[in-house]
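The values are calculated or read from the model by the stated rules, or taken from the named source; none is laboratory data. Remember, predicted model here, so these are calculated numbers, not experimental data. Positions of Cβ are generated from backbone atoms using ideal geometry, with glycine treated the same way; all protein chains shown enter the neighbour counts. Side chains are part of the model used for accessible areas, which takes the heavy atoms of the whole protein and leaves out ligands, DNA and RNA. Shrake-Rupley method; radii C 1.70, N 1.55, O 1.52, S 1.80 Å.
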Amino acid sequence: MPELDFNVVGVEAANRGLTPLLQFKVAVTNKPQAEQIHTVTLQTQIQLQPQQRAYSNGEKAKLVELFGTPDRWGQTLRNRLWGFSNGIVRGFVGSTEAALAMPCTFDLNVAASKYFHALDSGEVSLLFLFSGSIFYEGAGGKLQVRQISWNKECVYRMPVAVWKTMMDHHFPNYAWLTLGREVFDRLHAYKRSIGATSWDQAVEGLLNAGAKEKAAA
């Protein structure tokens, strides 16, 4: 009867994809080693572990919106769900490697994106929780099915640079900003009124006007 173990050993960005996508490399091992595994349907929950790293003063300031002021972090820095990834592990004997794809977004209204964007460098601790079904060759060559043990998990420390480099590739020198429809309509009308040819020009016009009013006051 198979007993699978999982360990994330690497990550890279799929830069040829149309959207931001991280691919985690997972080492899969089985005991007993000589047993034939036909297929594994793998479901993975990925959690952020923000309490497992230190933060600079600049990072702390950017993370207030997510976790509150640093004096509250003893209560607010807890594991947070990042997302789910499903994959298929092909047949193997002993050990193999599989890929888990994790779609990403640069929408800074999404907590995970806001978290990654706030970090300057270092690593992010990720907790992988594995589940799914194992299809294997049982006695007499018959196909058998077994569920992955509920306690299968591992931690992987992903370099922040991997996420930032991927976003720079897909959105060079850009950031996302989502507005309420009424606010967008007002901004759109302002953009037309000043003859701005881009959203950057419209926002810069508002910022400059606000700076002048502040200086005059």
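When the alpha carbon coordinates of segment 17-67 are projected onto the principal axes, the ranges are 53, 31, 15 Å, largest first.
Per-residue 3J(HN,Hα) values for segment 43-59, derived from phi via the Karplus relation 6.51 cos²θ - 1.76 cosθ + 1.60 with θ = phi - 60°, read 10, 10, 9, 10, 10, 7, 10, x, 6, 9, 8, 8, 10, 6, 4, x, 5 Hz in sequence order (x marks Gly and Pro). Considering only S113, S131, S198, give the residue with the highest GNM mean-square fluctuation for the chain, with springs between Cα atoms whenever their separation is below 10 Å. Highest fluctuation among the options: S198. Kindly state, to the nearest 0.05, the FRET efficiency for V203 paired with K25, given R0 = 25 Å and r defined as their beta-carbon distance. Efficiency, from the Cβ-Cβ distance: 0.05. If R0 is taken as 35 Å, the Cβ-Cβ distance between A14 and Q144 corresponds to a FRET efficiency of 0.55. Averaged per residue, the chain has 60 square angstrom of accessible surface, using a 1.4 angstrom probe with ligands and nucleic acids left out. Debye calculation, C-alpha points only, no solvent: report log10 I(q)/I(0) for segment 164-217 at q = 0.25 Å⁻¹, in the same order as the q values. Results for segment 164-217 at q = 0.25 Å⁻¹ read -0.99. With a cut-off of 13 Å between beta carbons, the residues surrounding A189 carry a summed charge of +2, where Lys and Arg count +1 and Asp and Glu -1. Size descriptor for segment 87-127, Kirkwood hydrodynamic radius: 13.3 Å (Cα pairs only, one decimal).
Taking each pair of different alpha-carbon atoms in segment 1-124 once, compute 1/r for the pair, average those values, and report the inverse of that mean as the Kirkwood hydrodynamic radius in Å to one decimal.
Working: mean 1/r = 0.0597 Å⁻¹.
Kirkwood hydrodynamic radius for segment 1-124: 16.7 Å.
Taking other residues whose beta carbon is less than 12 angstrom from the beta carbon of E97, and scoring Lys, Arg as +1 and Asp, Glu as -1, yields +2.
Over the chain, consider all pairs of different Cα atoms and compute the Kirkwood hydrodynamic radius from their mean reciprocal separation; express it in Å, one decimal.
Working: mean 1/r = 0.0484 Å⁻¹.
Hydrodynamic radius (Kirkwood, Cα pairs) of the chain is 20.6 Å.
Close amide H partners of E35, meaning residues 5 or more places away or on another chain with modelled amide H under 5 Å apart, are G94.
If R0 equals 25 Å, the separation of the Cβ atoms of M1 and E97 corresponds to a calculated FRET efficiency of about 0.65.
If you sort M1, M166 by accessible surface, 1.4 Å probe, largest first, the order is M1, M166. At the residue level, E123 shows approximately 80 square angstrom of accessible surface with a 1.4 angstrom probe and all protein chains present.
List the relative contact order of the chain as a percent without decimals, with contacts defined as Cα pairs under 8 Å and 6+ residues apart. Averaging sequence separation for qualifying contacts and normalising by length gives 25 percent for the chain. Summing charges over neighbours of P172, with a neighbour being any other residue whose Cβ is under 15 Å away from its Cβ, gives -1 when K and R count +1 and D and E count -1. Put one equal scatterer on each alpha carbon of segment 109-217, apply the Debye formula with no solvent term, and list log10 I(q)/I(0) at q = 0.21 1/Å to two decimals. Each listed q maps to, in turn, -1.15. Site-free segments of the chain were taken between trypsin sites (Lys or Arg not before Pro) in DSSP loops having at most 15 other Cβ atoms within 10 Å, sites themselves excluded; the longest one is 143-217. The fraction of accessible area contributed by carbon and sulfur in the chain is 52 percent, rounded to a whole number (1.4 Å probe; ligands and nucleic acids excluded). Legend: distances between Cα atoms for K25/K114; K31/K152; K60/K214; K114/K214; pairs beyond 18 Å are K25/K114; K60/K214; K114/K214.
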